[in-house]
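Below is one structure, written out as structure tokens; comments come after it.
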Amino acid sequence: MAPQPKHLHLDKEKGLSVVWHDGTESFYPIKLLRRMSPSADARTLRESMERNPLTVLPASASSGEPLRAVDAELVGNYAIRIRFSDGHDTGLFSWVYLREIDPAVADPGVTSPGSAGPGAGASGGGRPETNQPPASMDTDRPPS
């Protein structure tokens, strides 16, 4: 069964925190989310960079402004779309894809804030997963 989040929290300056139904907690920094966007253009750019590390980045990827999330929205019961300050908003981060790119799973020496420990991720035990949408999602609003 596909993993399901219980709670999502987007800190627009830092990243996305996810509490999964199995009790695992994951944290995805903004830069990681933008770099690993599942959109076709981002995937093509990653493939180009793997073949040629001297690939020229698009202008939006190298602006002087710090990258941040502008907004996010749930897409059905299976994904979240994040709008980034560089204008990118075409990637749909499915729950399955988020588990695949979880930094704590990709690098077992890294733990997410509040995680069950190194390597905690898609294979974690705990409560059974469901097909329910996240129980809650919140985003930090920038100071006025």
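The values are calculated or read from the model by the stated rules, or taken from the named source; none is laboratory data. Given the structure is predicted, the values throughout are model-derived calculations rather than measurements. Neighbour counts run over all protein chains shown; Cβ positions are idealised from the backbone, glycine included.
Of these, ALA116, ALA104, ALA61, ALA120, which one is under 20 Å from LEU16 (Cα atoms), among the aliphatic types (A, V, I, L, M), at pLDDT below 85 and in a helix (DSSP H, G or I)?
Only one candidate qualifies: ALA61.
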- Task: Check ASP41 against each of (1) farther than 26 Å from GLN4 by Cβ; (2) of a type in the set (Asp, Glu); (3) at pLDDT 80 or above and name the one condition it does not meet.
- Result: (3)
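Do any strands (runs of 3 or more DSSP E) entirely within segment 4-52 hold 1 or more residues that are within 17 Å of VAL96 (Cα to Cα) and in contact with a Leu (Cβ under 6 Å, 6 or more places away or on another chain), and if so, which?
Working: elements: 5-11, 15-20, 25-29.
Answer list for segment 4-52: 15-20, 25-29.
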- Query: Can you tell me which residues in segment 3-52 are without any contact (Cβ under 8 Å) to a residue 24 or more places away in the chain, closer than 18 Å to LEU67 by Cα and of a type in the set (A, V, I, L, M, F, W, C)?
  - Reply: LEU45
